[in-house]
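One structure below.
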Amino acid sequence: MRVWTGSLYWLVAGAVVGFGLIGLMTIGYPFLIVGMVLCIVGVWKPGIGGSWAFLIGLGGLPALVFLRHIADAALTAMNPYCSEDLNSPGIGVTPGADTVTCSYAPASYYVLFGISVAITLSGVFLYLLLRARSRGGATA
């Protein structure tokens, strides 16, 4: 149970650092500092046994945030009021109609999503590698 507690600690520390990195231009700086403090304290208290989870948290939370933005942009692209010219005769927006909010995902979101997924998968790979080495060493 102690190993999973340490892993959860490192997962949260990685998620806080990841949130701090994607929000660095606005509110991310305090989260980055708190995440770094969690990492420094984590070396002593829970230990580095579950530190592979840091990579999963570091990439996982930003990947979810970018996935949410990409999914919102994909749903917006299917809205006919956002995908065509509002003055075209096929759309026919009535005067006084409610406003339509359109969003899009910049190309950098796709790149950052790919990088975040790669970081997350590297943490999963590291966990599987460490688990295989510990089981292989115990049986030999």
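The condition (being at pLDDT 95 or above and among the aliphatic types (A, V, I, L, M)) is satisfied by just one residue among 34, 43, 93, 100: 34. Check whether at least one residue in the range 57-71 is of a type in the set (A, V, I, L, M, F, W, C), part of a helix (DSSP H, G or I), out of contact with any Phe, Trp or Tyr (no Cβ under 7 Å at 6 or more places or on another chain) and touching a residue at least 24 places away in the same chain (Cβ under 8 Å), and report yes or no. Among the residues of the range 57-71, at least one is of a type in the set (A, V, I, L, M, F, W, C), part of a helix (DSSP H, G or I), out of contact with any Phe, Trp or Tyr (no Cβ under 7 Å at 6 or more places or on another chain) and touching a residue at least 24 places away in the same chain (Cβ under 8 Å), which makes the answer yes. When the range 40-81 is filtered for residues that are under 12 Å from the mean Cα position of the chain (by Cα) and basic (Lys, Arg), only 68 remains. Just one of (1) closer than 18 Å to residue 131 by Cβ; (2) at pLDDT 95 or above; (3) surrounded by fewer than 21 Cβ atoms within 10 Å (Cβ to Cβ) fails for residue 11. It is (3).
Among what's in the range 101-116 and is of a type in the set (A, V, I, L, M) and farther than 10 Å from residue 66 by Cα, pick the residue that is surrounded by the fewest Cβ atoms within 10 Å (Cβ to Cβ). Top of the filtered list is 107. Number of residues in the range 17-44 that are free of Cβ contacts under 8 Å to residues at least 24 places away in the same chain and either closer than 24 Å to residue 127 by Cα or assigned to a helix (DSSP H, G or I) (or both): the value is 15. Assess whether residue 63 counts as being in contact with a Cys (Cβ under 7 Å, 6 or more places away or on another chain) and modelled with pLDDT of 95 or more. No: the conditions fail for residue 63.
The values are calculated or read from the model by the stated rules, or taken from the named source; none is laboratory data. Not measured: the values here are computed from a predicted model. All Cβ positions, glycine included, derive from the backbone under ideal geometry; neighbour counts span all protein chains shown.
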